[in-house]
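Trainee: My questions all concern the structure below.
The values are calculated or read from the model by the stated rules, or taken from the named source; none is laboratory data. As the structure is a prediction and not an experimental result, all values here were calculated from the model. For neighbour counting, all protein chains shown are included, and Cβ atoms are generated from backbone atoms with ideal geometry for every residue, glycine included. Surface areas here come from the heavy atoms of the whole protein model, side chains and all, with no ligands, DNA or RNA. Shrake-Rupley method; radii C 1.70, N 1.55, O 1.52, S 1.80 Å.
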Amino acid sequence: MTPHQETARLMTATAPAPTLDLPAPYGSCPFDPPPAYTAAAHDAAVTRAVLPDGTACWLITGYEEVRAVLADPRFSADARTPGFPFLSAGQRELATAKPSFIRMDDPEHARLRRMVTKDFLVKRIEELRPGIQDIVDRAVDRMTDGRTSADLVADFALPIPSLAICLMLGVPYEDHDLFQSLSRTLLDNRTTRKRAEQAHAQLMDYLADLAEHKRQHPADDILSRLVARDDLTPQETASLGFLLLVTGHESTANMAAISVLALLRDPGRTALLCDDPELIRGAVEELLRHLTIIHLGLGRAATRSVEVGGVTIPAGDGVICMLSTANRDPALFATEGGTCPSELDITRDARRHVAFGYGIHQCLGQTLARVELQIILATLLRRLPGLRLATPPDQLVYNQDAIVYGLRALPVTW
């Protein structure tokens, strides 16, 4: 049993109430939200919760309620705000030590976000599509060269977004072992505060040194453009680079691998996509909705008393917005044909999902992630039509203690 399993508990809105031990972030199906969160969502859209350190907070599980909180400036994204909820000491360190703009409120959040928004606009990312296709094709070539099996995580899913974000940022790809290792340490809820502090400092030092190199030797990349500005401190430059590097590869890599697993578990889905490649874009949206790899939610803290879903949340209380249960809300995602939200239906219109969050803090790199996933899935289906699992699904190991949910490895053959 993991530390998260042992300590995280939920209770209903009316105290006193029996507490529930929170199991691993999956039940009978590894793609489902944590069972206790699903149970809470069934009871009410807003319930009381107890964090691992014993602090009380609120659990927001309904779709409309999650969007309401994430769009309301009275709920602070700044992890230094009193009452902000944390699931682990490592998560606290990552969020509070020299925070990036995703852990800031406006106007400071808007000031910093605007400095990199242009690089992630839809038009700019679409211009990168041929280059991303080339990265994916080369990854398939390397993975299949003289082989008939591989670990789809290490040999394919992780290198692709890592190389793409390295090219955009101007980070040498030969340093990928370093930043991938440090990223995983920081995103692991089991990481101690001391180890998180060390990993954070090491990665920030690396980026600060790289930024200084870019100052002396500028190129056509994001870091070079950031260091050329006169309205950013070196610390802010390193912090922006940190955010883009960590989130730019880890989330997409996990999403790619677990998406392939979801498709391979039902050959009918892969056959449908092979027969009609035009379904890929919609299938990616449905996979984002169904899998929602931010399994343990987004934290916020109320700066004033706010009513959400008929419940008054007092100022100073923390809330956790459960994107995974919001994306299974039957009020929005049940289909006319009767497909329930807990099922994966690649023909469903899932465009209103909140897998990337909502409001002003909605994921900056969502267009890049979408394009990468579209190309990855379409290319694998086209070039490896015989792709299949090389190990029973129940033997796969998941990153159940990580902030970003995914697979440790995915053995496949073709």
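Trainee: Taking a temperature of 25 °C and a viscosity of 0.890 mPa s, what whole-number D in µm²/s does Stokes-Einstein yield for the range 123-194 with Rh from Kirkwood over alpha carbon pairs?
Mentor: Numbers: Rh = 14.0 Å.
Approximately 175 µm²/s, per Stokes-Einstein.
Trainee: A further question on this structure: Report, in whole Å, the centroid distance computed from the Cα atoms of the range 184-206 and the range 215-272.
Mentor: Measuring centre to centre over Cα atoms gives 18 Å.
Trainee: Still on this structure, please answer the following. Which ³J(HN,Hα) values in Hz, rounded to whole numbers, follow from the phi angles of the range 217-232 under the Karplus curve 6.51 cos²θ - 1.76 cosθ + 1.60, where θ = phi - 60° and Gly and Pro get x?
Mentor: Karplus-based 3J(HN,Hα) across the range 217-232 equals 9, x, 9, 8, 8, 5, 4, 4, 6, 5, 6, 7, 7, 9, 10, 10 Hz.
Trainee: Going out from 0 in 5 Å bins, what whole percent of all Cα-Cα distances in the range 214-316 drops into each bin?
Mentor: 2, 9, 12, 12, 9, 9, 13, 14, 10, 7, 2, 0
Trainee: Could you please state, rounded to a whole Å, how far the C-alpha centre of the range 47-63 is from the C-alpha centre of the range 125-174?
Mentor: What the calculation gives is 39 Å, centre to centre.
Trainee: While we're here: Considering only lysines 8 or more places apart in sequence, or on different chains, count the pairs in the chain whose C-alpha atoms sit under 27 Å apart.
Mentor: Going through the chain pair by pair, I get 5.
Trainee: Met104 accessible area, nearest 10 Å², 1.4 Å probe?
Mentor: Its accessible surface works out to 30 Å², give or take rounding.
Trainee: Let me ask something else about it. Please arrange Asp119, Asp276, Asp53 by accessible surface area, largest first, computed with a 1.4 Å probe and ligands excluded.
Mentor: Asp53, Asp276, Asp119
Trainee: In 10 Å bins starting at zero, report the fraction of Cα pairs in the chain per bin as a rounded %.
Mentor: Reading the bins upward from 0: 4, 22, 33, 27, 12, 2, 0.
Trainee: Taking only C-alpha pairs under 8 Å that are 6+ residues apart, what is the relative contact order of the chain in percent? Don't skip to the answer; put the middle values down first.
Mentor: On the way: 712 pairs, mean separation 96.9, N = 414.
With pairs under 8 Å counted, the relative contact order is 23 percent.
Trainee: Which shape class applies to the range 293-414: rounded if a/c is under 1.5, otherwise prolate when a/b exceeds b/c and oblate if not, where a ≥ b ≥ c are the square roots of the Cα gyration tensor eigenvalues?
Mentor: Prolate shape, in that a/c is at least 1.5 and a/b is the bigger ratio.
Trainee: Given the rule -39500 (n - 2.57) for each run of at least 4 DSSP H residues, summed and divided by the residues of the chain, what is its mean residue ellipticity at 222 nm, to the nearest 500 deg cm²/dmol? Mind showing how you got there, number by number?
Mentor: On the way: 17 runs with 194 residues, N = 414.
Helices in the chain give a 222 nm mean residue ellipticity of -14500 deg cm²/dmol.
Trainee: Which trypsin sites (Lys or Arg not before Pro) in the range 105-182 pass both tests, a DSSP loop state and at most 13 other beta-carbon atoms within 10 Å?
Mentor: Hits after loop and neighbour filter: Arg147.
Trainee: For the range 99-238, what is the Kirkwood estimate of the hydrodynamic radius, computed as the reciprocal of the mean inverse distance between distinct Cα atoms, to one decimal in Å?
Mentor: For the range 99-238, the Kirkwood estimate is 17.1 Å.
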